[in-house]
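Everything below concerns the one structure shown next.
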Amino acid sequence: MKLAHGLSIRKSPINGKGCFATVHFRRGKKIAEYAGERIPDLEARRRARKRRILRICDIDGRWSLDGSRGGNGTHYINHSCEPNSYLKTIHGHILFFALRDIRPGEEITIDYENTLHPDSKRCLCGAITCRGKINKH
């Protein structure tokens, strides 16, 4: 797996492995693009039923990317109820941007909001404002 520039993968205090900055990302700047195998959403739901750990990100309600196949490390970005990044889909590309300045060594996190996980999936982010579950609804 070739990692996106400025990222490293290591043990995370949130969950398993995490994605960490190796460079300074300024607020509002692009961190990386999510990479993986492009699959129809029907296949994404099928794969989600068979996996405990999901590395699948929706593109547009019809297509998804499975980061566990051909990913670049961004599939290790963990959920946090107080994230330091957000994603934006632009012309079929899923991009991560810094919500605030992110220092080298800091874990990059995002609020997953709505996932293929069951609504009962507990959140382990440890944030003061943690809602206790991954999905927002």
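Bear in mind that the values in this text are calculations on the coordinates, not laboratory data. Keep in mind that what you see is a predicted model, and the values were worked out from it rather than measured. Note: ideal-geometry Cβ built from the backbone for every residue, glycine included; neighbour counts use all protein chains shown.
Can you work out the FRET efficiency for the pair S68 and L42, with r the C-beta to C-beta distance and R0 = 25 Å, to the nearest 0.05? Display every interim value, and only then the final one.
Numbers: r = 18 Å, r/R0 = 0.70.
Between S68 and L42 the formula returns 0.90.
What whole-number volume per residue, in cubic angstrom, does the convex hull of the C-alpha atoms of the chain give? Let's see the in-between values first.
On the way: hull volume 14.5 nm³, N = 137.
Per residue, the Cα convex hull of the chain comes to 106 Å³.
Between K133 and E113, what length in nm is gained on full extension when 0.36 nm per residue of separation is reduced by their alpha carbon distance?
6.3 nm
Apply the Karplus parameterisation 6.51 cos²θ - 1.76 cosθ + 1.60, with θ equal to phi minus 60°, to every residue of region 55-70 and state each ³J(HN,Hα) to the nearest whole Hz, in sequence, with x for glycine and proline.
10, 10, 10, 6, 8, 8, x, 10, 10, 9, 10, 9, x, 6, 10, x
Given a 10 angstrom Cα cut-off, can you work out which residue in I31, I77, I102 is the most mobile in a GNM of the chain?
Of the options given, I102 has the highest mean-square fluctuation.
E82 to R49: FRET efficiency via 1/(1 + (r/R0)^6), r the Cβ-Cβ distance, R0 30 Å, to the nearest 0.05?
E(calc), rounded to 0.05, equals 0.50.
Check L99: other-chain or 5+ apart residues with amide H under 5 Å from its amide H, H built from backbone geometry?
Residues meeting the criterion, in which the H sits 1.01 Å from N, are G28, S85, Y86.
I'd like the distance separating the alpha-carbon centroids of region 54-69 and region 83-137, in whole Å.
About 15 Å separates the Cα centre of region 54-69 from the one of region 83-137.
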